[in-house]
Amino acid sequence: MSHFEPWSAERAAAIIAEFNGVDGATMPILHEIQHVFGYVPEAVIPMIAKALNQSRAEVYGTVTFYHEFRRELPGRHVLKLCQAEACQSNGSDHLRDCAEKRLGVKLGETTADRRVTIEPIYCLGLCANGPAAQFDDRMVGRLTEEKLEALMAEAQS
Amino acid sequence: MTIKIYVPIDVAALACGADEVALAIQTEALKRGLPVEIVRNGSRGMLWLEPMVEVETAGGRVAYGPVEPKDVAALFDDGFHEGKGKHSLHIGLTEEHPYLKKQQRLTFARCGITDPRSLEAYKLLGGYKGLEKAISLGPKDTVEEVFTSGLRGRGGAGFPTGIKWRTVAAAQADRKYIVINADEGDSGTFSDRMIMEGDPFVLIEGMTIAGLAVGATYGYVYTRSEYPHAIKAMNDAIAIARKAGLLGKGVAGSKYDFDMEVRMGAGAYVCGEETSLLESLEGKRGLVRAKPPLPALVGAFGKPTVINNVMSMASVPIILSEGGKYYADFGMGRSRGTMPVQLAGNLKYGGLVEIAFGCTLGSLVYDFGGGTASGRPERAVQVGGPLGAYLPTHLWETLFDYEAFAAIGAGVGHGGIVLFDDTVDMLKMARFAMHFCAVESCGKCTPCRIGSTRGGETFDKIAAGVEVEKNLALIEELCETMRLGSLCALGGMTPFPVESAIQHFPEDFGRGPKLQAAE
């Protein structure tokens, strides 16, 4: 369950200041920003650039390079379904189809009621216990249609 | 007397309900008035049995698994807290299990036995003997010990670790770094994760030894955001080691300084490539760097840097404590020591198998893995993650060894083996290899960035039956271009799964006779 703070420039400035003097601080700052606000707001980019003496383009480049950094708020719950080979060998394609059908959205999209975002993920390191998924902070192994159904019901309740 | 019960804290166990099982055991014991101490250990690596609960008895630890919360009351009824064997989940003495008995655990010697946050337990089982030895040997002889061991990079490239260390040791600079590549993104691999979650001190000790050996005073573990439990375990262990004087100024009372931290990636597979990793560590886009200069000379923040895989570095403490020769006595040819192999995918007995180089691929799949979980015939394995070749059953006599694999157009990679049954569509897997490369390409090299997308489109045409031979020839040409025209392994090795799939499974690509479905 996500409990994100609303955007606040003061809060963002305080986060950036925490990493004063840290080598290669861009990634740790972006992670912390996303952890607090749920995404990396556009407005934070010039703030980070200024603090780290970089161009806005450099920081923008970093934000957009990594799959993990979001540019907008996700749904209330995020369900990540592993799509890598080991999970494919155990039927992850079928589970993805089930989730897409049940929620009416494709991987990478959020339901219209903004309750749940489903995303692909390439490997959670649970390859001997697949198919694997991550539901918010919870890791789920040996995923079945029944377990997936329960997760989606939980997400929509 | 208090009954000691072990419930793993490894995420593979957690994902299958280990926390709920631990709670159920605690609750049930309270209800029965039994004095129980629950220890949260790492995983032994018999992952099909997770959550695997162990009970300490006079005769050794007795295992039960896979345990679900609903089993707990019956387990107590059947006397599992005394190690009794009545219940159907009873496995027997853990150490006597053939899956473990047949292994040669050096790097994973402690994993699953101890509470990963107990420095005391780590030391009791030989921990920090390697550092002690390194301190007495001094930097030069420590590097030579690693050289003698024959250890080669376990991340996939197989470059001799000793040579890398010599280069960094010889470099002159005001600052040097130890960077650990823990960006374990290959599907079918989890050994780095298991060691970080199950025995984090071994990695810390290895890095400290490396720092002493090459004259580096600071280290980074660069790992994946997909591994939150490993990050937490590492951070906890670092704090404990620092408090005990094993990190910081004058480690373990010596004249050497070393400290370290964990850095988190952000879902970019290419950051497992060492130069891309360094860019990311510095806060930039993970674009691959051209080599030379080698990271050993111009690495993190422009300084000489040892960059090693988790498995390589976690093997260093035992190489120092037992001697390089001891380690080199395992293995075959130029592949010395042991390899933590990870059995994954559609396997009955998936898990971690650390074994000396030189066993056959087939023995790993059958003797350890037990064949498919689905019960259907085996058709292919992919060895070494998304950049690894697909190998048909007739090649499974190949010995698990760097050179033997290279000879059949494959690589051992990071030791992940993923098994597929006969329902696998190899055209789909080849297409996926291209798709994955397109999603994860850093964009620097055109053959990788654009070639992978065009490759995916071409496979769509082949799947639709459009000019199959012409398009397959195009794929072959494209693979050649990607292999020769990409700076790093992502573009350079995506042809491995693609070409091996076409070569070994032509029937899935409209070549040769179609496989007849079993009646």
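Report the extension gain between B:T446 and B:A407 in nm, rounded to one decimal, defined as 0.36 nm multiplied by the number of residues separating them, less their alpha carbon distance. It would help to have the intermediate numbers written out before the result.
Working: separation 39, 0.36 × 39 = 14.04 nm, distance 2.85 nm.
Between B:T446 and B:A407, full extension yields an extra 11.2 nm.
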CD proxy at 222 nm, helix term only [per DSSP H run n ≥ 4: -39500 (n - 2.57); per residue of chain B; nearest 500]: -11000 deg cm²/dmol
Those GluC sites (Glu not before Pro) in the range B:364-412 that DSSP places in a loop and that have at most 12 other beta carbons within 10 Å: B:E397
Solvent-accessible area lost in complex, 40 Å² minimum, residues of the range B:208-235 relative to chain alone, 1.4 Å: B:E226
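Taking the inverse of the average 1/r across all pairs of different Cα atoms in the protein assembly as shown, what Kirkwood radius in Å do you get? Don't skip to the end; give the middle numbers.
Numbers: mean 1/r = 0.0388 Å⁻¹.
In the protein assembly as shown this quantity evaluates to 25.8 Å.
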Ranking by accessible area, most exposed first, for B:F159, B:F400 with a 1.4 Å probe: B:F159, B:F400
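Quick check on chain B: take the gyration tensor over C-alpha atoms, sort the square-rooted eigenvalues as a ≥ b ≥ c, and tell me if it's rounded (a/c under 1.5), prolate or oblate. Walk me through the numbers on the way to the answer.
Numbers: a/c = 1.93, a/b = 1.15, b/c = 1.69.
Because a/c hits 1.5 or more and a/b fails to exceed b/c, chain B counts as oblate.
Full-extension gain between B:D19 and B:E397, please, as 0.36 nm times their residue separation minus the C-alpha to C-alpha distance.
Fully extending the segment from B:D19 to B:E397 adds 132.0 nm.
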10 Å Cβ neighbours from other chains, averaged over peptide B:265-271: 5
Whole-percent carbon and sulfur share, accessible surface of the range A:9-65, 1.4 Å: 49 percent
Candidate residues A:D137, B:D183: accessible-area rank, largest first, probe 1.4 Å: A:D137, B:D183
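Give me the 1.4 Å probe accessible area per residue for the range A:9-65, excluding ligands and nucleic acids, in Å².
Values: 2650 Å² over 57 residues.
Value returned for the range A:9-65: 46 Å² of accessible area per residue.
Enumerate the helices in chain B for which the Kyte-Doolittle hydropathy averages 1.6 or more and the C-alpha atoms extend at least 20 Å along the helix's axis, using complete DSSP H runs. Kindly include the intermediate steps, with their values, before the conclusion.
Details: long enough: B:18-32 (21 Å, 0.03); B:200-214 (22 Å, 1.78); B:228-243 (23 Å, 0.02); B:426-440 (21 Å, 0.81); B:468-485 (25 Å, 0.17).
Sorted by number, the helices that extend far enough and score high enough are B:200-214.
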Charge dipole magnitude, Cβ of K and R +1, D and E -1 - the range A:9-65, Cα centre, debye nearest 20: 120 debye
Chain B, accessible area per residue, ligands and nucleic acids excluded (1.4 Å, Å²): 36 Å²
Rounded FRET efficiency, nearest 0.05, which uses the C-beta distance separating A:R138 from B:A74 and R0 of 22 Å: 0.25
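Count, for each residue of B:273-282, the Cβ atoms from other chains sitting within 10 Å of its Cβ, then give me the mean as a whole number. Provide the component values of the computation, followed by the final result.
Working: counts 0, 0, 0, 0, 0, 1, 3, 6, 4, 5.
The per-residue average across the peptide is 2.
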Separation of alpha-carbon centers, the range B:306-365 and the range A:54-117, rounded to whole Å: 35 Å
Protein accessible surface hidden between B and A, which excludes ligands and nucleic acids, total in Å², probe 1.4 Å: 3600 Å²
Gap separating the Cα centres of the range B:400-444 and the range B:55-134, nearest whole Å: 34 Å
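The values are calculated or read from the model by the stated rules, or taken from the named source; none is laboratory data. Everything numeric in this text was worked out from a predicted model, so none of it was measured. Note that each Cβ is placed from the backbone with ideal geometry, even for glycine, and that neighbours are counted across all protein chains shown. For the accessible areas, the whole protein counts, side chains as well, though only heavy atoms, and no ligand, DNA or RNA atoms are used. Shrake-Rupley method; radii C 1.70, N 1.55, O 1.52, S 1.80 Å.
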